[in-house]
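The values are calculated or read from the model by the stated rules, or taken from the named source; none is laboratory data. Source: prediction; values computed, not measured. Virtual Cβ from ideal backbone geometry, glycine too; neighbours counted across all protein chains shown.
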């Protein structure tokens with residue numbers, strides 16, 4: 001399973017959708033990149049393959065970053081790209 005996370009301006013929590021195949025995840029990733037370049041901004045509508053009833057729509061000018069990552073079956077509960085010190 002692959003996750004595509006959208007980092008939105010003025011929002012501390014990313015918006016995520018999932019794809020089962022890498023090619024499909026890359027297609028979403030590149031589609032979001034293209035939408036971010038467009039002037040005037042456009043609505044980006046995404047659906048999720050993991051939660052089929054999940055849908056999200058955001059204006060392309062509100063997206064500040066897009067991240068694609070692979071989700072393993074043994075997820076550690078950490079957000080991709082961030083780490084913490086487990087030492088106590």
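Looking only at segment 40-58, filter to residues that are in a strand (DSSP E or B) and free of Cβ contacts under 8 Å to residues at least 40 places away in the same chain; which one of those is nearest to residue 20 (Cα to Cα)? Out of the qualifying residues, it is 47. From the list 61, 23, 5, the one residue that fits, being at pLDDT 95 or above, more than 13 Å from the chain's Cα centre (by Cα) and surrounded by 11 or more Cβ atoms within 10 Å (Cβ to Cβ), is 61. Taking the condition touching a strand residue (DSSP E or B) at 6+ places or on another chain (Cβ under 6 Å) and modelled with pLDDT under 95, does residue 12 pass? Here the answer is no, as residue 12 does not meet what is asked. Hey, any hits in segment 24-39 for a residue that's in contact (Cβ under 8 Å) with a residue 40 or more places away in the chain and over 12 Å from residue 67 (Cβ atoms)? Checked against the condition, which is being in contact (Cβ under 8 Å) with a residue 40 or more places away in the chain and over 12 Å from residue 67 (Cβ atoms), segment 24-39 yields at least one hit.
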